[in-house]
Amino acid sequence: MGSFLDNLLAGFTQLETGMPIMALLVASLWLLQCLNWMMRYKLNMLGIYPRHPFGLIGIAFSPLLHQDFRHLFLNSIPLFILLSFIFVYGPQTLIQLTIVIVLLSGLGIWFFGRRGIHIGASALVMGYFGFILAVAIKTQNPLAIIIAVVCLFYLGSLIGSLFPTRDRTSWEGHLAGFLAGIAYVFF
């Protein structure tokens, strides 16, 4: 029992340390969105164009770009929550996981996405969500299970975005991100 409490306290310490960093990351997305808005969303051309060579550039930039302020708002809340929980596993894990999700989900969108520009942090959000669920299943660590249950309770509706629902929603990106987060844990 002492080990669980030690892990819980260490997790809360990491969470407390990470909150300002996570807030800064999300705030930077809002600043970029303001710049993009002032440029009449011209930066969105740096999104992922599936199966076009120029679209490969979008793999790095698409998580930073959003269609409008509503799109960013809908990504900001789960992004902040999931980033904070993942920071419990340490900044090194967060950095590595982010790189893996951006690369794998970006390639997944590039190879299998529908025609059009794919932008937004949704693939990253879904990758973080997949990671949290996979860690709980693989490790069966009590803290990881608690984090996964909290995420499922508050963000469980994200699972619905893994399937085609609306024409303008990149469910391919959501699915690719989710699978990338799981792949990070198991591979």
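Nothing in this text is a laboratory measurement; each read-out follows from the coordinates by a stated rule. Remember, it's a predicted structure, so these values are computed and weren't measured experimentally. Every residue, glycine among them, receives a Cβ derived from its backbone with ideal geometry; neighbour counts consider all protein chains shown.
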For segment 1-105, alpha-carbon Rg over 2.2 N^0.38 Å: 1.29
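Could you give the size of the charge dipole of segment 1-119 about its Cα centre, using +1 on the Cβ of each K and R and -1 on the Cβ of each D and E, expressed in debye and rounded to the nearest 20? List each step's numbers first, then the result.
Details: 6 positive and 3 negative charges, 142 e Å.
Rounded to the nearest 20 debye, it is 680 debye.
Could you calculate the FRET efficiency of ARG166 with PHE12 from 1/(1 + (r/R0)^6), where r is the beta carbon distance between them and R0 is 35 Å, rounded to 0.05? Walk me through the intermediate numbers first.
Numbers: r = 38 Å, r/R0 = 1.09.
For ARG166 and PHE12, the calculated efficiency is 0.35.
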Equivalent ellipsoid semi-axes - Cα gyration tensor, segment 71-114, angstrom: 22, 16, 5
Taking only Cα atoms of the chain, radius of gyration then Dmax in Å: 16.5, 56
Principal axis box of segment 48-145, alpha-carbon based, largest edge first, Å: 44, 27, 21
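What longest region of the chain stays clear of trypsin sites (Lys or Arg not before Pro) that DSSP places outside H, G, I, E and B and that have at most 14 other Cβ atoms within 10 Å?
Segment 52-113 is the longest.
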0 to 90° range, to nearest 10: angle between helix 69-87 axis and the chain longest Cα axis: 30 degrees
Nitroxide proxy distance, nm - points 7 Å out along Cα→Cβ at ALA183 and GLN92: 2.3 nm
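Once you have the Cα-Cα distance between ARG115 and LEU56, take 0.36 nm times their residue separation minus that, and quote the gain in nm to one decimal. Before the final figure, lay out each step's value.
Details: separation 59, 0.36 × 59 = 21.24 nm, distance 1.37 nm.
Stretched out fully, the ARG115 to LEU56 stretch lengthens by 19.9 nm.
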